[in-house]
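Q: Okay, handing you the structure first.
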Amino acid sequence: MEQVRNIGEPILVVENVSLAFGGVKALQDVSFDVCEHEVRAIIGPNGAGKSSMLNVVNGVYHPQQGHVTFKGVRRQDMNSHEAASMGIARTFQNIALFRGMTVLDNIMTGRALKMKTNFLQQALWWGPARRDEMQNRHKVEEVIDFLEIQHIRKTPVGRLPYGLQKRVELARALAAEPEVLLLDEPMAGMNLEEKQDMCRYVLDVNDQFGTTIVLIEHDMGVVMDISDRVVVLDYGQKIADGTPDVVRADKKVIDAYLGVTH
Amino acid sequence: MLYRETGQFKTSYAADQQIFPLRQDRIGVVATLLVAFIVVPLVANEYWLEAILIPFLVFSLAALGLNILTGYAGQLSLGTAAFMAVGAFGAYNFELRLEWMPILGSFALGGVCAAFVGILFGLPSLRIKGFYLAVATLAAQFFVVWALTHFNWFSNYSASGVITAQRIEIFGFYFLTGQSKYLLVLAIVTLLALAAKNMVRSETGRAWMAVRDFDVAAAVIGIPVMRTKLLAFAVSSFYCGVAGALYAYAYLGTVEPDGFNLDLSFRILFMIIIGGVGSILGSFLGAAFIVLFPILLNRFAEPFANAIGIDLPSGMSSNLELIIFGGLIIFFLAVEPLGLARLWQVAKEKLRLWPFPH
């Protein structure tokens, strides 16, 4: 199955983005690019603006300055719906599953944009709505197989342990067949085995579907192992950008993480 | 032992996603429908049909409407009675002013009017949530009743806004007896309940629940949050509107705007709290409970009090009703927020294992 990973042209370009909440400058003049098929990590100490960066990319926050170019479309403001329909999916730092629904229903919501029928057809069920449902169920089952969560298909997500919930959230994002997948701390709070599993899934997604991955993670071992390039943010500013080896050796990065005596 | 899925293998997604995947459930539903359509009209007398079963069905439909909005889409509403009023007065006016209009068309158009009013008063939900939204729907409650009373055109210039529903006639057949009205209401409610069940198990319902559970995450995976909320208001109000039309035409015969007051809205809200928020079955259980309970209490409170040697003052049973309702609502909110439907589900899960503990 192993494919040759060929990293392509930049698919997502962030240019001079600044975002402030009142007096708090969450992001200041941040620029970086993400190439097709690569695994790109964003790291930085707490409060560095990593999650804000993802929120800008998929339209939850609207930056005061700067532009985001995705697949050749350059814009300052994106709303979440547009981002989703252009092929950006994401997971959240604190699990954002629909707690009242089963695993299957949660993952099916990931197909929302692929559903072609309207509510009147669905009220009748027979005919187009049923066909639509079955076709999308088929896709969802592929994702379920891929992430090995067949046994919990019909379980309400609220009853699942944390590690599995994280995996279901990944499944929901994957069900949308995204071109870019934004992962906000996918390994946070996991034990070693769960982390290893999650790393394997992330790499497999990247390998087999060719999905571009942007990842925020605090576990440096994971970041250095799986990512192609790393952006480092600190206090809303970009302080380093490059391959893991370059970033690891960067003086500013070491200072930001370990502190520096003045 | 009896309630088990053992041996029922699903070999296609269609079989797995059918409306009632368990054979026992299918048998149960078919049996209930057979009893409701054939046995009940044969054995029940006029009093039971007209005073208990028809209001039960009408309130079930209204509760179902509110449940779609509050239970599935998570938008709290106190305007249920207003949407019912729009449905009732809408149907009345279509029937009055358009001679060629069939009665079922009037009911449906009454529902459509209610849907538009629902969308209008649902607009604040795009910006506000929870209690604040409840207050906005409260405005709908007062505004609609005021408008129907104030503008006599709606009640065809009758004194104090009272309207008398026209006779129900379909293809020359008049629905005059309790039996025929009951069957008509039952058929409408069954069809609409099936449609609701279909909606909540497909994309529409998933979108409603997603918006209820986590609106930001819903937006991020591409669910149009605004459209989903407004659709919930529209569908919910349509159901309430049809329920209102049936309330006027099949149950009371004469209604006035003041009959659709806040009390009625609260009654329907209690139905879904007791029956089960976010459950189709719960709407029926809740309506059954609230309609039947006062009747049972009336019948049995006095004999019971006499038996234990207390002399109940007259009118006490209606006070008792309020006390017990209040207590029950607090009980359900605290102990089982998902209501009777949840208790039924727990019972089913227990039955799967019974008589073994594990």
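What follows is calculated from the coordinates using simple rules that are stated; it is not laboratory data. Just so we're clear, the structure is a prediction, and the values are computed from it rather than from any experiment. Cβ sites come from the backbone with ideal geometry, for glycine too, and all protein chains shown count toward neighbours.
Q: For segment B:140-170 and segment A:89-168, compute the distance between their C-alpha centroids and round to whole Å.
A: 45
Q: For the protein assembly as shown, with only Lys/Arg (+1) and Asp/Glu (-1) charged at the beta-carbon, what is the dipole magnitude about the Cα centre, in debye rounded to 20?
A: That gives the protein assembly as shown a dipole magnitude of about 880 debye.
Q: Could you state the number of Å between the C-alpha centres of segment B:38-57 and segment A:198-228?
A: Their Cα centres are 64 Å away from one another.
Q: How long is the gain from residue A:114 to residue A:154 if the chain were fully straight, where each residue apart is worth 0.36 nm and the alpha carbon distance is subtracted?
A: Gain on stretching residue A:114 to residue A:154: 12.2 nm.
Q: Take every residue in peptide B:204-212, count the Cβ atoms of other chains within 10 Å of its Cβ, and give the average of those counts.
A: The shielding value for this peptide is 6.
Q: Loop only per DSSP, at most 15 neighbouring Cβ atoms within 10 Å: give me the chymotrypsin sites (Phe, Trp or Tyr not before Pro) in segment B:138-174, ordered by residue number.
A: Listed in order of number, the matching sites are B:151, B:157, B:171.
Q: Okay, next question. Roughly how tilted is helix A:128-146, in degrees to the nearest 10 and between 0 and 90, from the longest Cα axis of chain A?
A: 50
Q: Using a Förster radius of 35 Å, what is the FRET efficiency between residue B:99 and residue B:343 based on their Cβ-Cβ separation? Nearest 0.05, please.
A: 0.10
Q: OK, next. Relative to the present Cα-Cα distance, how much length would full extension add between residue B:167 and residue B:215 at 0.36 nm per residue of separation?
A: 12.7 nm
Q: Per residue of segment B:71-76, what does 6.51 cos²θ - 1.76 cosθ + 1.60 with θ = phi - 60° give for ³J(HN,Hα)? Whole Hz please, x for Gly and Pro, Karplus curve as stated.
A: With the stated coefficients, segment B:71-76 comes to x, 8, 8, x, 9, 5 Hz.
Q: Let's test the formula: R0 of 41 Å, r as the Cβ-Cβ distance of residue A:258 and residue B:227. What FRET efficiency results, to the nearest 0.05?
A: Working from the Cβ atoms, E equals 0.25.
Q: What's the extension gain from residue B:335 to residue B:314 if we count 0.36 nm per residue and subtract their Cα-Cα distance?
A: Taking residue B:335 through residue B:314 to full extension adds about 4.3 nm, to one decimal.
Q: Also: Compute the signed sum of charges (Lys and Arg +1, Asp and Glu -1) over the other residues within less than 15 Å, Cβ to Cβ, of residue B:81.
A: So the environment of residue B:81 carries a net charge of -2.
Q: Can I ask one more? Please give the net charge around residue B:133, taking every other residue with its beta carbon less than 13 angstrom from that of residue B:133, where Lys and Arg add +1 and Asp and Glu add -1.
A: Local net charge: +3.
Q: Continuing with this model, one more query. Specify which residue in the list B:315, A:11, A:95 is farthest towards the positive end of the charge dipole of the protein assembly as shown, using unit charges on the beta carbon of Lys, Arg (+1) and Asp, Glu (-1), about the Cα centre.
A: Towards the positive end, the residue furthest out is B:315.
Q: Residue by residue through segment B:153-161, what is 3J(HN,Hα) from phi via Karplus (6.51 cos²θ - 1.76 cosθ + 1.60, θ = phi - 60°)? Round to whole Hz and write x for glycine and proline.
A: Taking θ as phi minus 60°, the curve returns 3, 4, 9, 6, 6, 7, 5, 6, x Hz for segment B:153-161.
Q: Can you pull the mean other chain C-beta count within 10 Å for peptide A:53-65?
A: 1
Q: Assign unit charges at the C-beta atoms only (+1 for Lys and Arg, -1 for Asp and Glu), then state the dipole size of chain B relative to its Cα centre in Debye, rounded to the nearest 20.
A: About 1080 debye.
Q: Then there's this: Report ³J(HN,Hα) in whole Hz for each residue of segment A:109-117, in order, from the Karplus equation J = 6.51 cos²θ - 1.76 cosθ + 1.60 where θ = phi - 60°; Gly and Pro get x.
A: My calculation for segment A:109-117 gives 4, x, 8, 3, 6, 8, 6, 9, 8 Hz in order.
Q: While we're looking at this one, here's another question. Tell me the label-point distance for the pair residue A:24, residue B:8, using the 7 Å Cα-to-Cβ offset, in nm and rounded to one decimal.
A: Distance between the two pseudo-spin positions: 5.1 nm.
Q: Can you list residues from other chains, or at least 5 along the same chain, whose modelled amide H is less than 5 Å from the amide H of residue A:42?
A: Sorted by chain and number, the residues that satisfy this are A:215, A:216, A:217, A:231.
Q: Can you give me the Cα centroid spacing of segment B:222-298 and segment A:8-81 in angstrom?
A: 46
Q: Hey, another quick one. List the trypsin sites (Lys or Arg not before Pro) within segment A:144-206 that fall in a DSSP loop (any state other than H, G, I, E or B) and whose Cβ has at most 16 other Cβ atoms within 10 Å.
A: When the trypsin sites (Lys or Arg not before Pro) of segment A:144-206 are filtered for loop state and at most 16 Cβ neighbours within 10 Å, A:153, A:154 remain.
Q: Check each of the trypsin sites (Lys or Arg not before Pro) in segment A:93-124 and keep only those in coil by DSSP with at most 14 other C-beta atoms within 10 angstrom; list them in order.
A: A:116
Q: Looking only at GluC sites (Glu not before Pro) in DSSP loops with at most 14 other Cβ atoms within 10 Å, what is the longest site-free stretch of chain B?
A: Counting at most 14 other Cβ atoms within 10 Å as exposed, the longest clean stretch of chain B is B:100-358.
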